[in-house]
Amino acid sequence: MMLEEIDGVVTIQSFQMLVQWLYHQRIIIGELSREETITTILEFVRLADMCGVSGMEAPMAERIKEHVLAFDVARGTSTTRDNTSPCITLQHIASAALLPTGHPVRGVLAAVAVREFCHHNDRKFMDKAEEYPDFAVDLLKAMKTTFKSLAHSKRSITFKDPLSGGILNMEKDDFYDF
C-alpha cells in the first residue's frame with residue numbers, strides 16, 4: 001500500500017505517531033515549541049481520523065489544552081492583558097475544522113478562540129469561522145458555556161474561562177469595545 005504525504009495530515013511524524021498509538025496507546029512527540037507540538041498533534045489526530053483509528057481524541061484534546069494553559073503561565077497568566085497571541089494559530093483552527101463535528105480537539109480549539117475573543121478582544125480566531133462555517137457550531141457551544149458563567153458588577157464583568165475553568169475579569173469598558 002502506498003501512503004502519500006498530505007500536508008497537515010500524512011507526514012512521516014504523524015505516521016510514526018499513529019504506529020506508536022496503535023502499539024502502545026501513547027505517543028512521544030519530543031522537544032518542539034508549543035506551536036509545533038500542537039501542529040504535530042493535529043496532524044496525528046487528522047491521520048488517525050482518516051484511518052478510522054479512535055481512542056486518542058480526548059487525550060490529544062487534553063494535551064493541546066495543557067500546552068495552551070502552559071503558554072498562559074509562560075506569558076504571565078491568562079488574566080494578564082498583553083498582546084501575545086496564544087500558541088494556537090489560524091492554521092490550527094483550519095486543521096481542526098476539518099475534523100468531524102463534535103471531535104474533542106475541535107472543542108478545545110473553539111474554547112481557546114472564545115477565550116481569546118472575550119478576554120483579549122482578539123477576533124482573528126472568530127473571523128476564521130467565516131472560512132469554516134461548520135466550525136461556528138463549536139464556537140457557539142463554547143460561547144454558550146462562557147455566557148452561562150457571566151456575572152457583573154458596576155465596574156466589571158467576570159466569566160469562567162472555557163479552557164482552564166478559572167475566573168476572568170473584564171472592565172466594563174473593555175466589554176463594550178467588542
Solvent-accessible area of residue 123 with every protein chain in place, 1.4 Å probe, in Å² to the nearest 10: 110
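Got a number for carbon plus sulfur as a percent of segment 120-170's accessible area, 1.4 Å probe? List each step's numbers first, then the result.
On the way: 1700 of 3100 Å².
On segment 120-170, the fraction of accessible area on carbon and sulfur atoms equals 55 percent.
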Debye intensity ratio I(q)/I(0), log10, segment 92-154, q values 0.15 Å⁻¹ (C-alpha model): -0.42
Sites residue 13 and residue 144, calculated FRET efficiency, Cβ-Cβ separation with R0 35 Å, nearest 0.05: 0.50
R0 of 22 Å, Cβ-Cβ distance residue 25-residue 66: FRET efficiency to nearest 0.05: 0.75
Partner lysines for residue 154 [C-alpha distance under 25 Å; skip if fewer than 8 residues away on the same chain]: 144, 172
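Would you work out if segment 1-44 is rounded, prolate or oblate? Take a ≥ b ≥ c from the square roots of the eigenvalues of the alpha-carbon gyration tensor; rounded if a/c is under 1.5, else prolate when a/b is larger than b/c, oblate otherwise.
Details: a/c = 2.57, a/b = 1.17, b/c = 2.19.
Cα axes put segment 1-44 in the oblate bin.
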Order by protection proxy (mean Cβ within 10 Å, highest first), peptides 136-145, 34-43, 107-116, 3-12: 107-116, 34-43, 136-145, 3-12
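The values are calculated or read from the model by the stated rules, or taken from the named source; none is laboratory data. All of these numbers come straight from a predicted model, not from anything done at the bench. So basically every Cβ, Gly included, is an ideal-geometry build from the backbone, and we count neighbours across all protein chains shown. Just so you know, the surface numbers come from the protein's heavy atoms only, side chains and all, with ligands and any DNA or RNA stripped out. Shrake-Rupley method; radii C 1.70, N 1.55, O 1.52, S 1.80 Å.
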